[in-house]
Amino acid sequence: MIRAWLHQHWHALILTIKRLLSAPVTNLLSILVMGIAISLPVGVLTLMENLHTISGQISISPQISLFLKQHATQDDIDHIRTKLEENKLVARYQFVSKDQALYQLQLDNGLSEAVHNLVHNPLPDAFVVDIQDVSADVIDQLRADMQTWSAIEHAQFDSAWAKRLEALMNFSRMLVFVLLTLLSIAIVAVMFNTIRLQILTRQTEIEVSKLIGATDAFIRRPFLYFGALQGFAGGITAWLIITFVLQILNDELQAIAGLYAMDLQLHTTGYGDTLSLLLFTTWLGWLGARASVASHLWQIEPR
């Protein structure tokens, strides 16, 4: 029984491949449309994922600046360093002494004469703390907690900037989700119409098959394989488009990165994401075919 079931599916698959090859231009155009449609949201999502790597290299991660009190001792500095090392939200930190800050101020602003005339150093010791990729509210709460540490005079964090960045990322994700939903519906609709046309052109063949006792499952199986294979091919096309576009962008990005002595590179989708893409597009093709078969096949009855 299992052998007969496998034979039926193999027969349906071979028949589907023959139908695909019988109209190569039409089917290639349909696959290309599906690939272009699905590559838009997936490509944007891939670029957003690459943003994390690039942002890490150009140092735009959220930071908290901890300014110590003027009378802070070495023990206070060591105590703060220990608390920072124990905090899981802290990615890295850097201690900037008051002398180092004053020297840097003199170099950056050309205030050597003014700095030289200072009676004492008015700048405090400070820690510059890089925070893990968490929400702005969590970072703001962390800043408030650090503000309560005994040797801290002021803890500074640009929460407005972080919240704007977070809102922009959330908007981008929602835009990708809406775009993916709309284009997925369009792909299902295209496949629905394609299978509908195939059913109409093979109406006589379907009637004869029903007359000799073919079941609905046997008749609809090639149409479902047709939709799934076109969806799978559309996913491969989308992956090829994304890879090609990222390669072009990488060539331009390398030229820019060379000017800043940085190694920046956009990576294409990983194995897991690629597999998810192919499964998703295959499912979309199957879904469109399944809906079309369910809507039109029952209307054809042998006369």
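For segment 121-215, the fraction of alpha-carbon pairs lying more than 18 Å apart is 71 percent, rounded to a whole number.
Here Lys69 is the anchor, and the lysines within straight C-alpha reach of less than 18 Å, apart from those fewer than 8 places off in the same chain, are Lys83, Lys98. Placing a pseudo-label 7 Å from each Cα along the Cα-to-Cβ vector at Met169 and Ile2 gives an inter-label distance of 4.8 nm. The simple Förster model, with R0 at 25 Å and r as the Cβ-Cβ distance, assigns Gln265 and Leu240 a FRET efficiency of 0.85.
Remark: Phe67, Phe223, Phe95 ranked as Phe95, Phe67, Phe223, counting other beta-carbon atoms within 10 Å and listing the fewest first.
Computed on segment 182-232, the Cα convex hull volume stands at 64 Å³ per residue. Here the residues Lys69, Lys210, Lys88, ranked from fewest to most Cβ neighbours within 10 Å of their Cβ, fall in the order Lys88, Lys69, Lys210. Here r is the Cβ-Cβ distance between Ser295 and Gln132 and R0 is 51 Å; the resulting FRET efficiency, rounded to 0.05, is 0.50.
With the simple spin-label model, which puts each label point 7 Å out from Cα in the Cβ direction, the Asp140 to Ile212 separation comes to 7.3 nm.
Within the shell defined by Cβ-Cβ distances under 13 Å, the residues around His154 carry a net charge of 0, with Lys and Arg each +1 and Asp and Glu each -1.
Model label sites at Ser150 and Leu29, defined 7 Å from Cα along the beta-carbon direction, differ in position by 7.9 nm. So, R0 is 51 Å and r is the distance between the beta-carbons of Ala101 and Leu179; what FRET efficiency does that work out to, to 0.05? Using R0 = 51 Å, I get an efficiency of 0.60.
Throughout, read-outs are computed from the coordinates displayed, never taken from laboratory work. Predicted, not measured: the structure shown is a model, and the values here were computed from it. All Cβ positions, glycine included, derive from the backbone under ideal geometry; neighbour counts span all protein chains shown.
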